[in-house]
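As structure tokens, the structure follows; a few thoughts come after it.
The values are calculated or read from the model by the stated rules, or taken from the named source; none is laboratory data. Keep in mind that this is a model prediction, so the values were computed, not measured. Here the Cβ is made from the backbone with ideal geometry for all residues, glycine too, and neighbour counts use every protein chain on show. Keep in mind that these areas ignore ligands, DNA and RNA; they rest on the heavy atoms of the full protein, side chains included. Shrake-Rupley method; radii C 1.70, N 1.55, O 1.52, S 1.80 Å.
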Amino acid sequence: MNQLNIKASISVVSTGLGSMLFSSCVNKQEDQTLQKPNVIIILADDLGYGDVSCYGSRTIHTPNMDRIANEGLRFMQGYSTAASSTPSRYSLMTGLYPWRNKNAKILPGDAPLIISTENQTLPKIMKEAGYSTAAIGKWHLGLGNGNVDWNTLISPNPSDIGFEYSYIQAATNDRVPCVFVENGKVDGLDPSDPIYVSYKENFEGEPTGKLNPELLKMHPSHGHDMSIVNGISRIGFMKGGKSALWTDETMAEKFVEKAKKFLSEHKNQPFFMYFGLHQPHVPRVPNERFLGTSGMGPRGDAIMEADWEVGELLKCLDELGLANNTIVIFSSDNGPVVDDGYQDRAVELLGEHKPAGPLRGGKYSLFDGGTRVPFIVRWPNGIKAGTTSDAFVCQMDLLASLAALNNVPLKQSFDSQNVLDALRGKSSEGRNELVIEGLTSLAYREGDWVLIPPSEGVAFKPLTGTDTGHSPDYQLYNLKTDLGQKINLAEKEPKQLEAMKARYEKLSNGAVI
């Protein structure tokens with residue numbers, strides 16, 4: 001593979017719910033062959049490598065996620081760039097390492113848009129290639145300019161980075177404002193009941209989870225004790241907007257409804273849809289139909305609900321006659337976390353389930369469990385069904401790869417690499433190296449080797465149970481012989497250690513995150 005340039009990486013340019021939710025897809029269309037394949041990216045939130053049955057889970061069953069693998073290509077070495085939400089999503093949209101942008105961190109709900117509206121982005125590239133574009137579901141990339149008035153048109157918004165239609169959460173399930181934003185405007189807002197948001201202090205007279213636990217139907221385990229919405233306390237303070245507040249239990253239905261509507265309205269033209277699942281991120285409050293279906297409490301039930309959403313999208317493609325010429329890419333923004341702030345018995349009910357599978361670590365971690373995630377691609381017209389690949393690929397590479405698929409020239413420098421042949425199963429070669437971001441420091445993978453430089457890090461383990469990988473000493477692991485990263489080879493392999501240290505310093509260029 002081409003090596004990344006030190007300061008600016010090279011660009012690679014090459015030529016039940018019932019009838020209501022089915023209503024937008026009931027008219028099955030004749031199979032049609034489009035000149036360009038449609039593209040859907042489905043990105044789960046905090047779903048681990050071991051949370052999907054096609055990756056080895058024997059305790060949670062995900063038939064619809066498995067269907068993508070059975071009818072497509074499953075990557076065993078698919079990565080996000082970071083072990084937390086905002087940074088990895090930033091890389092997916094921009095094709096850039098998140099540590100190049102000091103603002104690409106886990107964002108509060110009132111943070112400004114962190115993606116430059118001047119640069120090429122993945123949705124802009126798809127739009128340039130003639131696609132209708134949409135973003136539906138989890139966002140968490142900021143909105144507005146840092147001083148948002150939630151009662152008017154919010155600008156900039158997803159349309160400014162290339163999405164012609166958007167229906168999104170402003171941030172995450174556990175952060176205010178707890179409303180949906182459609183094309184830059186809060187959906188369902190009553191002008192006589194304006195929204196006010198603060199991440200500094202509460203509004204007079206507004207209850208909080210900390211002071212009013214009697215109002216809660218789900219209690220926090222750490223943090224998450226500020227404004228109460230739908231009987232759940234969140235991060236941040238909010239007042240007003242009662243008619244626009246979401247109900248957690250129907251969130252999945254709302255997103256599926258909007259996605260089906262977009263697919264139906266654009267069935268006769270190429271489309272690109274980013275669908276951000278909100279599960280199994282906390283608070284985990286699935287629809288009552290999924291309660292008890294996993295045997296693992298709310299976290300497992302939320303995964304079952306997410307799998308249902310995937311199935312609904314696949315079913316809609318079938319009914320519209322679009323399945324054969326639609327590329328469906330399924331992945332997760334980062335690795336799993338069990339206790340992430342609410343008393344949902346996730347740890348107690350875990351049993352024998354291993355959310356990260358054979359990997360060490362999880363969300364926030366420098367170990368592979370933080371960034372090696374489910375990564376599956378289905379395209380009946382272009383990918384052989386039921387195949388697996390050991391190619392080393394990253395979500396960041398989708399930008400350059402889809403640009404190459406559509407012959408769109410890249411007009412700036414990217415960290416994204418064109419791995420289109422690997423994504424189509426035509427090559428076992430992907431990228432060769434990747435700088436991986438934990439919560440407060442970086443690691444480096446080259447081939448089968450992983451280097452974790454010394455760092456003080458943040459002690460999240462007592463709260464989340466995550467093995468973050470922070471250590472005062474260098475760590476060196478060979479993933480080919482030690483997938484669980486149990487044997488530190490830093491002392492036994494001094495030449496490999498020094499070579500990787502030199503390359504890492506050259507690539508990261510002293511980056512501070």
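General remarks:
- Enumeration of residues in the stretch 256-277 that are outside any helix (DSSP H, G or I) and over 25 Å from residue 149 (Cβ atoms): 266, 267, 268, 269, 270, 271, 272, 273, 274, 275, 277
- Boolean, residue 183 is at pLDDT below 95 and under 22 Å from residue 116 (Cβ atoms): no
- Matching residues in the stretch 374-426 - criterion: being among the acidic types (Asp, Glu) and surrounded by fewer than 24 Cβ atoms within 10 Å (Cβ to Cβ): 390, 421
- Selection of the stretch 200-215 for residues being open to solvent by 60 Å² or more (accessible area, probe 1.4 Å) and either within 30 Å of the chain's Cα centre (by Cα) or at pLDDT below 95 (or both) yields 200, 201, 210.
- Among (1) touching a Gly at 6+ places or on another chain (Cβ under 6 Å); (2) more than 24 Å from residue 362 (Cβ to Cβ); (3) at pLDDT 95 or above, the one test that residue 57 misses: (2)
- Scope the stretch 134-179; condition of a type in the set (A, V, I, L, M), surrounded by fewer than 22 Cβ atoms within 10 Å (Cβ to Cβ) and more than 12 Å from residue 110 (Cα to Cα); matching residues: 153
- Contact map, the stretch 39-61: first residue assigned to a strand (DSSP E or B), second residue charged (D, E, K, R) and open to solvent by 10 Å² or more (accessible area, probe 1.4 Å), Cβ cut-off under 7 Å, separation 6 or more or different chains; the map is empty.
- Flag for residue 325 being out of contact with any His (no Cβ under 7 Å at 6 or more places or on another chain) and within 27 Å of residue 59 (Cβ to Cβ): no
- Test: residue in the stretch 159-174 that is under 16 Å from the mean Cα position of the chain (by Cα) and within 17 Å of residue 398 (Cβ to Cβ): no
- Candidates in the stretch 269-301 are the residues that are of a type in the set (Ser, Thr, Tyr) and closer than 16 Å to residue 52 by Cβ; of these, the one that is least open to solvent (accessible area, probe 1.4 Å) is 294.
- If the condition is being farther than 15 Å from residue 117 by Cβ and either open to solvent by 20 Å² or more (accessible area, probe 1.4 Å) or polar (S, T, N, Q) (or both), then the stretch 92-106 contributes 99, 100, 102, 105, 106.
- Test set (1) buried (at least 21 other Cβ atoms within 10 Å of the Cβ); (2) not in a helix (DSSP H, G or I) - residue 369 fails condition number: (2)
- Residues within the stretch 45-68 that are open to solvent by less than 10 Å² (accessible area, probe 1.4 Å) and within 26 Å of residue 269 (Cα to Cα), tallied: 2
- Selected residue (criterion: nearest to residue 193 (Cα to Cα)) from residues of the stretch 120-143 that are in a loop (DSSP other than H, G, I, E, B) and under 21 Å from the mean Cα position of the chain (by Cα): 143
- Looking only at residues of the stretch 236-255 that are assigned to a helix (DSSP H, G or I) and open to solvent by less than 30 Å² (accessible area, probe 1.4 Å), we find that the one that is farthest from residue 210 (Cα to Cα) is 255.
- The set of residues in the stretch 471-503 that are within 14 Å of residue 369 (Cβ to Cβ) and either open to solvent by 90 Å² or more (accessible area, probe 1.4 Å) or in contact with a Pro (Cβ under 9 Å, 6 or more places away or on another chain) (or both) comprises 483, 484, 486.
- Candidates 468, 481 - the one that is outside any helix (DSSP H, G or I), polar (S, T, N, Q) and touching an Asp or Glu at 6+ places or on another chain (Cβ under 9 Å): 481
- Selected residue (criterion: nearest to residue 68 (Cα to Cα)) from residues of the stretch 330-355 that are open to solvent by less than 10 Å² (accessible area, probe 1.4 Å) and among the aliphatic types (A, V, I, L, M): 337
- Residue 21 satisfies every condition listed in (1) open to solvent by less than 10 Å² (accessible area, probe 1.4 Å); (2) at pLDDT 95 or above except (2).
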